[in-house]
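Trainee: To start, I am sharing the structure in question, which I have written as structure tokens.
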Amino acid sequence: MDTARRASVLACGQAPGLRKLTPQMLGTIEVAESHNFLSEMHPGQVLAAFKAAAPYLGLRPSVVHAIDWLFRFTDPRDWQPSSRPIVWPSAAMQQQELGLGPSQVKNLNRQLVEVGLVVMRDSPNGKRYGRRDPHGRIVEAYGFDLSPLASRHAEFRAEAEAGREERQRVQALRRRATIARNGIRQLLETAVEQRIAGRDWEAYQEAAPTASKGLAALGSSVEMEMAVARLERLQSDMRRYLEAAFEVVAPRTESPRSPVNNDPKQPKNWPHITPTNYLPNLKDTVVASGKSSSLPVSSGENHPSSGLASRADSHRTPSAQHRPGKVRTDSGSLLKITPVELIKLAPRLKTYLANQAPSWPEIVDAADWLRDELGISKFIWGDACLAIGREQAAIAVAIVSAKPPAHFRGSPGGYFHGMVSKAKAGELHLARTIWGMRRSGEHRLK
């Protein structure tokens, strides 16, 4: 350097080898100079608040590790009023313990200052050193001033709390997205099983695979909220479409008579029994045992089984309606089993029954409640009613409920779905299963 240039540098107060300052570093120095300890602080609290907020401030792990390492050299007395938390580990020690080279350490220290975490207190000779009095208070120190961390303590706590709330919102949205995706997958499988088709449904099938694409990459809860809302709206539209399709396949029929209140004085909190559909399928009318009697129905009689008889008769041919024969009553047996015996074999049905001597329609209603508890979907239940009749479907649900949890490889719903598949193939034999339950020592019939 020539004499004129050297004189110019010295006139500006600069010397060769001094640390270059940036606008970010100047801002950190100003914060450190203006900070005063109005009350005693504990370094552990400041460090904990900083580490909790660091992930939400976008700080790299190397920065967090460096600050954590510097706090090893501070003392609680340095964080009291009229004091200054300065630490002075040597550059050689910092390189060795952090596993960095000389240039890497310089870049790291510069970054600590630029992000507003520390201030470098330089000595006249450029060395880091310090000394304490007999009481442990700092008398003179040159090195890393941790005052900016103390001044940002409240900011760190607020950032950490806001980050935790944001993380909880994101986790809740991810759970909602998972539930919606599983629901869409179930709807698609049900449509395949029931052979539901149509131009609108094909559009849903095309939209389903891409509905949640890129959801995991969204960073904020605001963006995820909109994406999850679209996913849930798609699931809702698909469900309504399937429900409408099922209404076309099996339209609801209303009974001309009012339903009978089987227990007018039942408990206040007894679950509401939703009347289920009696499907127009002659398989639903099961052959009675030899002890069954004809069904006495008159125009003015309001019998629990009259609704079933009227629905079954309305779908018979004229010759079949006048053909003499016996029809099973509610007290008759189905698959050589009565409702009372079925309750003994499957006690979980009792929860949804109003009396101890129910009719078969009441057993069907109770099974509809029980299948929801077992995780059997409404669509699979409807499929079972179409395949084997409502009462045999209720018996199948009762059989599933009597199985121990270890009996299922997957879930009770999957096991019931397998039973329905066997029924469609003509391979389901509920009577054999019932006799096996009777012979086993798991249920003692009285």
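The values are calculated or read from the model by the stated rules, or taken from the named source; none is laboratory data. The shown structure was predicted, so the numbers you read here are calculated from the model rather than taken from an experiment. Heads up, the Cβs are rebuilt from the backbone with ideal geometry, glycines too, and the neighbour counts pull from every protein chain shown. Quick note on the areas: whole protein, heavy atoms, side chains included, nothing else; ligands and nucleic acids left out. Shrake-Rupley method; radii C 1.70, N 1.55, O 1.52, S 1.80 Å.
Trainee: Quick one: which of Val397, Val364 is at pLDDT 90 or above, farther than 15 Å from Ile434 by Cβ and hydrophobic (A, V, I, L, M, F, W, C)? Don't jump to the end; show me each part of the working.
Mentor: On the way: Val397 fails: farther than 15 Å from Ile434 by Cβ.
That would be Val364, the only listed residue that is at pLDDT 90 or above, farther than 15 Å from Ile434 by Cβ and hydrophobic (A, V, I, L, M, F, W, C).
Trainee: Can you tell me which residue is nearest to Leu149 (Cα to Cα) among those in the stretch 104-125 that are open to solvent by 10 Å² or more (accessible area, probe 1.4 Å) and aliphatic (A, V, I, L, M)?
Mentor: Top of the filtered list is Val115.
Trainee: Take the stretch 407-417 and flag every residue that is farther than 14 Å from Gly375 by Cα and outside any loop (DSSP other than H, G, I, E, B).
Mentor: Within the stretch 407-417, just His407 meets the criteria.
Trainee: Same structure, new question: Given the conditions (1) modelled with pLDDT of 90 or more; (2) part of a helix (DSSP H, G or I); (3) charged (D, E, K, R), which single one is not true for Arg181?
Mentor: (1)
Trainee: Within the stretch 126-138, which residues are at pLDDT 85 or above, open to solvent by 30 Å² or more (accessible area, probe 1.4 Å) and under 19 Å from Ser90 (Cβ atoms)?
Mentor: So the first thing to find is which residues in the stretch 126-138 are at pLDDT 85 or above, and the list is 127-138.
Next, only the ones that are open to solvent by 30 Å² or more (accessible area, probe 1.4 Å) stay: 127-129, 131-135, 137-138.
Listed by number, the residues that qualify are Lys127, Arg128, Tyr129, Arg131, Arg132, Ile138.
Trainee: Any residue in the stretch 66-84 that's part of a helix (DSSP H, G or I): show its pairings with residues that are open to solvent by less than 40 Å² (accessible area, probe 1.4 Å) and polar (S, T, N, Q) at Cβ separation under 7 Å, as long as the two are six or more apart or on different chains.
Mentor: Final answer for the pair search is Arg77/Ser83.
Trainee: Here's a follow-up. Would you mind telling me which numbered condition in (1) of a type in the set (D, E, K, R); (2) closer than 25 Å to Gln194 by Cβ; (3) open to solvent by 20 Å² or more (accessible area, probe 1.4 Å) Arg432 fails?
Mentor: (2)
Trainee: Continuing with the same structure: Among the residues of the stretch 210-247 satisfying the criterion of being basic (Lys, Arg) and in a helix (DSSP H, G or I), which is farthest from Lys378 (Cα to Cα)? Explain how you work it out, then say what you get.
Mentor: Pass one, the stretch 210-247, residues basic (Lys, Arg): 213, 230, 233, 239-240.
Imposing the further condition that a residue be in a helix (DSSP H, G or I) reduces the set to 230, 233, 239-240.
Details: Arg230: 24, Arg233: 20, Arg239: 11, Arg240: 13 Å.
Going through the qualifying residues, I end up with Arg230.
Trainee: Taking only the stretch 362-387 into account, find how many residues are crowded, with 19+ Cβ neighbours inside 10 Å and not in a helix (DSSP H, G or I).
Mentor: Number of matching residues: 1.
Trainee: If you don't mind, there's one more thing I want to ask. Against the conditions (1) within 30 Å of Gly44 (Cα to Cα); (2) of a type in the set (Asp, Glu); (3) open to solvent by 80 Å² or more (accessible area, probe 1.4 Å), where does Glu206 fall short? Just the number, please.
Mentor: Single failed check for Glu206: (1).
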